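The values are calculated or read from the model by the stated rules, or taken from the named source; none is laboratory data. Nothing here was measured: the structure is a model prediction, and the numbers come from that model. Please note: Cβ atoms are built from the backbone with ideal geometry, for glycine as well, and neighbour counts cover all protein chains shown.
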Amino acid sequence: MSFDEDEDELIPGRCGEEELTLPRAAINKMIKEKIPNVRVANEARELILQCSTEFIHLLSSEASEICEKKQNRKTITPEHALLALESLGYADFVKKCESVRQECKSVDAEKKRKLPKLKDLGIPEEELLRMQQELFAQARETQKQEAEAAAAAAATANASQSHPSSQPSQPSTSY
């Protein structure tokens, strides 16, 4: 952001630095999912990208202000973001955001539940540790053998370059 010469306020999008934006592929995917049978011009896609980025900047700035000034905290929480939505006049979105948040929590909990735990493998931790150490030893041995083979190949190549192969000498004939 930069200052406009005529005004003392920051103007979004006018900065010398590279501006952070959402990935174009993500925006294109969202557009295609929401309106699959409609072609969207590249200029329209770019405008959607810029508007989305600006909305995120606006929402995060408002959430930061709520977090720091009104609640005297330094970490923005989901509650701060929801309060920022209300503060910016998007109260209609708060319920939808809450349901998406709950859905994300459920998906995360399901992922954690499905992750295998050491105790569920049926192998004692000591045995797993021994197996791990054995694999490390095998890997070290393999690396050692590969290094020795590479060194031997390099030595052979150097030896053949420094000593030209002996050509059979032709007998000299003197008459």
For a quick check of your reading of the model, give me the residue pairs whose first member lies in the stretch 21-34 and is under 14 Å from residue 50 (Cα atoms), whose second is assigned to a helix (DSSP H, G or I) and among the polar types (S, T, N, Q), with beta-carbon atoms closer than 7 Å and at least 6 apart or on different chains.
21/53; 22/52; 22/53; 27/52
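Taking the stated definitions as given, is residue 129 assigned to a helix (DSSP H, G or I) and modelled with pLDDT of 95 or more?
Values: assigned to a helix (DSSP H, G or I): yes; modelled with pLDDT of 95 or more: no.
So residue 129 does not fit the description; no.
Being basic (Lys, Arg) and modelled with pLDDT of 90 or more is the filter here, so list the residues in the stretch 64-98 that pass it. Give the derivation first.
At the first step, the residues of the stretch 64-98 found to be basic (Lys, Arg) are 69-70, 73-74, 95-96.
If the condition is that a residue be basic (Lys, Arg) and modelled with pLDDT of 90 or more, then 95, 96 are the ones that fit.
Give the stretch 16-61 a look and list any residue that's among the polar types (S, T, N, Q) and not in a helix (DSSP H, G or I), or say none. Outline the logic, then answer.
Taking the stretch 16-61 as the starting set, the residues that turn out to be among the polar types (S, T, N, Q) are 21, 28, 37, 42, 50, 52-53, 60-61.
Of everything in the stretch 16-61, those that are among the polar types (S, T, N, Q) and not in a helix (DSSP H, G or I) turn out to be 21, 37.
So in the stretch 62-83, with the set limited to residues that are among the β-branched types (Val, Ile, Thr) and in a loop (DSSP other than H, G, I, E, B), which one is nearest to residue 100 (Cα to Cα)? I'd like the intermediate steps shown before the answer.
We begin by selecting, within the stretch 62-83, every residue among the β-branched types (Val, Ile, Thr); these are 66, 75-77.
Add one more test, that the residue is in a loop (DSSP other than H, G, I, E, B), and what stays is 75-77.
Working: 75: 21, 76: 18, 77: 15 Å.
Only one residue fits best here, namely 77.
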